[in-house]
């Protein structure tokens, strides 16, 4: 399971050679920045709306599960999912695939929950509650989800050796 960006090739210009060498660093920095922006947005909404009537504390649960999904997705290497590693582990390649799939389910489920929170609590009740906390929860989970994707598939394991 190679990275999604492995099929994309930059032109053979000299200036792109340094970018190819720093692919893992660039992907890690982009993913980390997206993750930080996600949590920063929701921290901003929590600071602006401290009243639980405007921003219920239970809404933070979606971001926690999305973060847990990011950790689960990126704790399994591509070679473990492919079954190339011979050390086995708890369940071998099957266990790695189950863990990887569960991480994606958790992340995507948190994104769906964030959309549900946005529409159920804030879009339906327009004028009753401020909209920004719902938008912040959705943006947080969107940024964390795409951060997990960039961190997993933007890096290349070939550069680790």
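Any read-out appearing in this document is the output of simple, stated calculations on the displayed coordinates, not a laboratory observation. It should be emphasised that the depicted structure is a prediction, and the values quoted were computed from it without experimental measurement. All Cβ positions, glycine included, derive from the backbone under ideal geometry; neighbour counts span all protein chains shown.
Observations on the structure shown:
- Residue 65 touching a residue at least 40 places away in the same chain (Cβ under 8 Å) and outside any helix (DSSP H, G or I): no
- When residues in the range 99-150 are screened for being in contact (Cβ under 8 Å) with a residue 60 or more places away in the chain and outside any helix (DSSP H, G or I), 2 of them pass.
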